[in-house]
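Scroll down for the structure; my scribbles are underneath it.
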Amino acid sequence: MMGSALFTLATALIGLLGAAEAYNRRYITNSSGEVEVVIPGATSYNGLNLVPQMGWDNWNAFGCDVNESLLLNTAQAMVNFGLRDLGYKYVVLDDCWSSGRNESGYLIANPVKFPNGMKHVATALHNMGLKFGMYSSAGKWTCGRFPGSLGYEQKDADLWASWEVDYLKYDNCFNQGQSGTPKLSFDRYNVMSEALNKTGRPMVYSLCNWGNDDPYDWAYTISNSGRMSGDIYDQFNRPDARCPCTESIGCAWPGFHCSVMNILNKMAAITSRTMSGYFNDMDMLEVGNGGQTDSEYVVHFSFWALMSSPLLIGTHVPTLSPANLAILSNPAIIALNQDPSATGAVRKWQYFMDPDENGQGEIALWTRDLHNGDVAIALLNAANSAHTLNATMDQIFLDPRTAGAYKEPVQLRQSWHVYDLWANRMTEAEASAIINGTMNGTAAITNTNSTINPRVTRYNATSLSYEEGLKNNATALFGVRVGTIEPAGTWSVEIPRHSVKMYRLRSTGVETVRTRDEL
């Protein structure tokens with residue numbers, strides 16, 4: 001009898017945690033006879049989102065102009081263009097979908113925008129191999145002034161579960177003054193966290209409280225991601241008074257209209273708060289909305305991936321340009337985002353110089369340790385003209401070099417092959433063929449690691465996860481080898497204005513003893 005009950009409980013837990021990878025979970029029976037879920041290396045409060053979520057959200061491009069056709073047409077384009085199979089799984093419906101509450105207090109979907117109801121939308125998305133995301137606010141109203149979920153948390157969670165929703169974006173508007181300290185915000189957002197868990201349906205819980213009350217210090221125990229800054233807007237580095245803070249720590253009012261560089265530099269102080277199961281959300285991607293140059297969009301996408309931010313496309317997918325589809329479809333960059341290390345990059349140095357028309361200009365080196373022992377480095381030129389940037393071995397491996405070890409760290413005694421992660425960017429001809437329907441997006445994707453065709457640009461994460469692809473050395477995930485850094489060496493490269501060079505370093509396994517004056 002006890003064994004049967006435990007089996008039933010374990011089965012329920014498996015259903016609840018279904019979105020987590022099975023090899024990251026195991027089930028044990030504790031001394032009290034209860035089944036516990038063990039997720040090695042994860043902090044996830046619900047077992048979900050061990051790597052950042054990927055998908056699409058309508059807000060940046062459409063705001064309140066949403067309906068069933070927009071969601072389903074976008075979803076079909078995501079499938080046709082190969083974006084689903086690159087990992088963009090969630091189709092998230094943002095604000096303005098509701099028309100109020102009924103007499104029983106349950107939310108009602110707008111019958112004009114969604115004539116077939118939300119369960120129909122969810123079923124259609126699931127049939128496409130996608131997941132359905134819903135929106136509300138932890139306030140009396142949503143930001144669009146539709147009914148919020150404050151005080152209705154369990155009713156709303158139960159309703160979304162009945163619609164087979166897979167994801168909740170939970171905003172911060174009209175919070176009735178229940179903010180101002182981390183404890184106030186924690187308590188308010190925790191009510192929905194508990195309500196979602198009580199439904200028994202696995203739903204990724206994404207906080208959108210704009211960085212108010214330092215969510216990166218508390219939200220990892222109740223949610224799967226949390227916004228760390230005010231809302232993004234489609235500008236590279238233009239300052240805006242509505243986004244007053246340049247640092248996350250101590251920011252009393254994050255505001256909105258925050259540029260890409262503003263948000264990126266706020267991440268430097270909170271890198272350690274990124275972990276498996278909880279990710280600092282730098283807000284949705286602007287790629288394709290027209291406010292930035294191609295090279296600026298490459299910087300934007302590269303750093304959102306490198307920092308393990310959720311990757312939610314924020315433009316009109318069916319009208320993507322070939323260039324923008326090529327940016328969003330780079331598996332070597334996405335592999336950084338989906339790396340099992342689930343960490344953020346560290347800024348090793350930053351120099352302000354050569355300001356542009358917005359009065360902004362800087363160069364910087366960011367690095368990140370990856371799960372398989374590789375190291376990602378990003379050399380950023382956000383200044384106004386081309387510059388040659390240098391990354392020394394001591395700078396790249398600053399942390400192990402200064403960790404107080406008696407012996408020189410092994411990383412500094414090795415040679416490292418350097419792989420350019422943008423060298424295999426999809427050509428515009430290939431992207432055009434996919435968009436025009438003369439080449440199927442999924443058919444264009446390959447997981448091959450063959451040396452016969454070294455220019456592999458696409459990847460199918462539906463058939464082989466990024467973790468497994470990295471283990472198998474899938475060519476598409478590693479870019480093109482462009483050189484080697486020797487012990488005590490320096491990597492130098494000229495970078496155009498408002499551009500980045502992204503590399504993956506792979507150890508050769510060969511060690512060299514350095515002389516004392518090289519240390």
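The values are calculated or read from the model by the stated rules, or taken from the named source; none is laboratory data. Predicted model only: the values in this text are computed from it and were never measured. Cβ coordinates were reconstructed from backbone atoms using ideal geometry, including for glycine residues, and neighbour counts include every protein chain displayed.
Going through region 250-274 one residue at a time, which ones are among the basic types (Lys, Arg) and either touching a Phe, Trp or Tyr at 6+ places or on another chain (Cβ under 8 Å) or in the same structural domain as TYR351 (by the TED database) (or both)?
First, pick out the residues of region 250-274 that are among the basic types (Lys, Arg): 266, 273.
Result: ARG273, single match.
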Looking at (1) among the hydroxyl-bearing types (Ser, Thr, Tyr); (2) more than 23 Å from the chain's Cα centre (by Cα); (3) farther than 23 Å from LEU125 by Cα; (4) surrounded by 17 or more Cβ atoms within 10 Å (Cβ to Cβ), which is the one condition that is false for THR199? (3)
Does region 281-304 include one or more residues that are out of contact with any helix residue (DSSP H, G or I) (no Cβ under 8 Å at 6 or more places or on another chain), surrounded by 24 or more Cβ atoms within 10 Å (Cβ to Cβ) and within 25 Å of TRP349 (Cα to Cα)? yes
Note down all Cβ pairs under 9 Å where the first residue falls in region 221-249 and is in a helix (DSSP H, G or I), the second is not small (Gly, Ala, Ser), and they're at least six residues apart or on different chains. THR221/THR43; THR221/TYR45; THR221/PHE186; THR221/ASN190; THR221/TYR278
Here's a check for you: in region 226-253, which residue that is touching a helix residue (DSSP H, G or I) at 6+ places or on another chain (Cβ under 9 Å) and among the hydrophobic types (A, V, I, L, M, F, W, C) is surrounded by the most Cβ atoms within 10 Å (Cβ to Cβ)? MET228
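Output the residues belonging to region 280-320 that are of a type in the set (S, T, N, Q) and either at positive phi or part of a helix (DSSP H, G or I) (or both).
If we filter region 280-320 for residues that are of a type in the set (S, T, N, Q), which is where we start, we get 280, 289, 292-293, 295, 302, 308-309, 315, 319.
Result: SER295, SER302, SER308, THR319.
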